[in-house]
1. From Arg274, Arg251, Arg234, Arg296, which residue is within 17 Å of the chain's Cα centre (by Cα) and in contact (Cβ under 8 Å) with a residue 24 or more places away in the chain?
2. Pick from segment 34-49 the residues that are in contact (Cβ under 8 Å) with a residue 60 or more places away in the chain and polar (S, T, N, Q): which of them is nearest to Ala306 (Cα to Cα)?
3. Going residue by residue through segment 43-50, is there one that turns out to be at pLDDT below 80 and closer than 18 Å to Asn230 by Cβ?
4. Determine which member of the set Leu231, Leu190, Leu165, Leu179 is modelled with pLDDT of 85 or more and within 30 Å of Ala259 (Cβ to Cβ).
5. Exactly one condition in (1) more than 26 Å from Ile44 (Cβ to Cβ); (2) of a type outside the set (Phe, Trp, Tyr); (3) touching a residue at least 60 places away in the same chain (Cβ under 8 Å); (4) assigned to a helix (DSSP H, G or I) is not met by Pro337; state its number.
6. Return the residue satisfying two criteria in turn: it lies in segment 298-326 and is of a type in the set (A, V, I, L, M, F, W, C) and either part of a loop (DSSP other than H, G, I, E, B) or in contact with a Lys or Arg (Cβ under 7 Å, 6 or more places away or on another chain) (or both), and of such residues it is modelled with the highest pLDDT.
7. Only one of these is outside any helix (DSSP H, G or I) and either over 24 Å from Glu159 (Cα atoms) or among the small types (Gly, Ala, Ser) (or both): Val249, Val237, Val276. Name it.
8. Given the criterion at pLDDT below 75, under 29 Å from Ala25 (Cβ atoms) and not in a strand (DSSP E or B), identify the matching residue among Pro196, Pro170, Pro214.
Amino acid sequence: MSSTTSELAKLSGDDVKAIDQLRAAYQNLLNELARVIVGQKQTIEHLAICLFARRHALLMGVPGLAKTLLVSKLAETMSLKFSRIQFTPDLMPMDITGTDILQDNVNGRREFEFVHGPVFANIVLADEINRAPPKTQAAMLEAMQENRVTVLGKSFELEAPFMVLATQNPVEQEGTYPLPEAQLDRFMSLIELDYPNEEEEIQIARTTTGDGLPELKHLMTAAQIIEHQNLVRRVPVPDHIYTYAAQLVRRTRPGGDTAPDWLKPLVAWGAGPRAVQNLILGAKARAALFGSYMVRLEDVQGVATAVLTHRVITTFAAQAEKVSPKDIIARLLEETPET
């Protein structure tokens, strides 16, 4: 029995039906968001992959590309609680997590009561996270990593599903605090938004200058999303896909013997083991959303750029030659053997 056949045998009949249902739900999601969001299909795809993989994403794009609208409408269609935090230089950790406030209880006695901060939501948009000081960024990243917050020695669990979508403004970098590479590594994907084409820009003007935006249908519940997230973890992965993902990541590391010669002067640091984990998780989610009963090579390749771009740190020589991490990853995808 081949590796592919044996992996498929692990999938139950109920899981096959659940994957079909998830594929149909994803198509309904695309159709519903298209009533408000013009274009951005690939962005929506990557957001959905991160959501069902139970991971977080970093959105990169200039102002005015409807990042806030897209995320809020995604939460609306999923029947999830949405919260937006505008990061500013004076934002404190307690402004995110919440804090104890002295209140009068029913007996007239004064006692401390915890007031939840905006991080207590299902989908949190951390807008311009690079504008807040490192201590505040750390509080946000702790919530992402641990799915809980700690305030004055007390821990508070965050309700599932929980997803953080952070944005970094690529312009006006003066006076900002860009996330260090170690913290960027906690985001599964870097999703880059580009300007719309002319036809899309005309449609945006038509859609957004009328009476108002339509209310979108609620396509899922939080409980259904959690079921889909659990389903994604059960999607089978053939052995050769694990090998391909590991080889692709290892080839980004200039200090290893697996890196091609052309890459070594261009890359200072390559991707770590978390990249392999996220490649496989992202590929599982993509396969399920596209109705595949197991992970295919194109699923790994479909998420590779978003997963690896922020994990490959280029040298000054690469920057001088205007070689970006995306260029390096594209070339690696062409050259890495499809084992």
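The values are calculated or read from the model by the stated rules, or taken from the named source; none is laboratory data. The model shown is predicted, which means the values in this text are computed figures rather than measured ones. Using ideal geometry, Cβ is built from the backbone for each residue, glycine included, and neighbour counts are taken over all protein chains shown.
1. Arg274
2. Thr43
3. no
4. Only one candidate passes the filter, namely Leu190.
5. (4)
6. For segment 298-326, the residue satisfying everything is Val303.
7. Answer to the check: Val237.
8. Pro214
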